[in-house]
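Read-outs throughout are calculated quantities, based only on the coordinates presented, and are distinct from any laboratory measurement. None of these values were measured; they are calculated from a predicted model. Neighbour counts run over all protein chains shown; Cβ positions are idealised from the backbone, glycine included.
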Amino acid sequence: MNTQKNDQIPKREDIWLLRKKLVRWFRNNKREYPWRHTEDPFKFLIAEIMLRRTKADQVKPVYENFFKKFPNIKSIISADINTINNILYPLGLNKRYSKVIMLAEALLEHHNCRLLLKRAELKKLPGIGDYSAGALLSIVYKKREWIVDNNVVRLFSRYFGIKLRGEGRRDNKIISIAKEYISKGDPKKSNLALLDFSALICQPKSPKCKSCLLKELCFYYKNFKNYNQPNNKLKVINIV
Ligand code: SF4
């Protein structure tokens with residue numbers, strides 16, 4: 001058995017097989033959230049800001065409340081700070097309010113509320129990085145664009161046994177896998193399947209390996225399946 005972690009990008013056929021399995025799993029296990037159904041890119045990006053370091057189930061009522069009160073960009077810019085803060089309060093008060101306002105202002109001032117269709121353009125918006133740009137393009141516009149968040153890094157690194165150097169979300173091997181992974185036919189579905197599976201099954205501290213549909217092919221499972229037994233030195237790896 002090969003216990004050496006991989007420094008190579010996996011074969012494309014292996015990446016496609018992973019996608020096929022995840023998309024099939026997704027049919028009966030997908031999570032439903034309102035921002036996954038919106039065709040309004042602004043709403044999607046605001047949801048992305050709300051979702052940072054916050055559970056999606058916690059965001060759902062706040063998202064619904066927020067857009068009932070502020071249906072468009074202009075209504076946010078002209079709103080009273082306290083009203084916005086009160087709505088966002090359940091998510092924690094940190095800097096979310098200012099990020100929402102900065103994003104609304106940038107879209108209004110520089111783009112006249114028009115949609116941005118390129119990753120590089122989207123990344124110039126305040127608070128929008130590679131993940132949010134890729135998620136918007138693939139989920140709202142259904143373009144063949146990659147996404148990598150910490151959950152995706154964890155799944156890819158465990159499943160393929162990828163050796164990470166530095167920050168996983170910027171690792172070239174992980175990004176190459178994410179690019180190869182996206183389906184031409186249905187990028188939205190394949191990326192959502194990746195997000196849901198990595199969040200629900202391949203969890204950081206307690207991956208559900210025993211019931212995982214990928215276990216027979218998974219590097220992590222094959223090499224470390226006894227990781228939770230006493231005296232086993234091979235502990236959980238690549239926890240992101
Ligand atoms: Fe993740 Fe375990 Fe499944 Fe491998 S077998 S993909 S580590 S849950």
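For the range 102-138 versus the range 185-204, the spacing of their alpha-carbon centroids is 23 Å. Taking N82, N72, N223 in turn, the Gaussian network model of the chain (Cα-Cα springs below 10 Å) assigns the largest fluctuation to N82. Legend: ranking of residues R24, R53, R19 from fewest to most surrounding C-beta atoms inside 10 Å; resulting order R53, R24, R19.
Secondary-structure-derived ellipticity at 222 nm for the chain, considering helices only, amounts to -15000 deg cm²/dmol, per-run term -39500 (n - 2.57) for DSSP H runs with n ≥ 4. Only Lys, Arg, Asp and Glu carry charge here, each on its Cβ (+1 for the first two, -1 for the last two); on that basis the chain has a dipole of about 880 debye about its Cα centre. Dipole magnitude for the range 1-82: about 360 debye, using +1 per Lys or Arg Cβ and -1 per Asp or Glu Cβ, origin at the Cα centre.
Its relative contact order, with pairs defined as Cα atoms under 8 Å and 6+ residues apart, puts the chain at 24 percent. Rounded, prolate or oblate: pick one for the chain, where a ≥ b ≥ c are the square roots of the eigenvalues of its C-alpha gyration tensor, a/c under 1.5 means rounded, and failing that, prolate if a/b is larger than b/c, else oblate. The shape class here is prolate.
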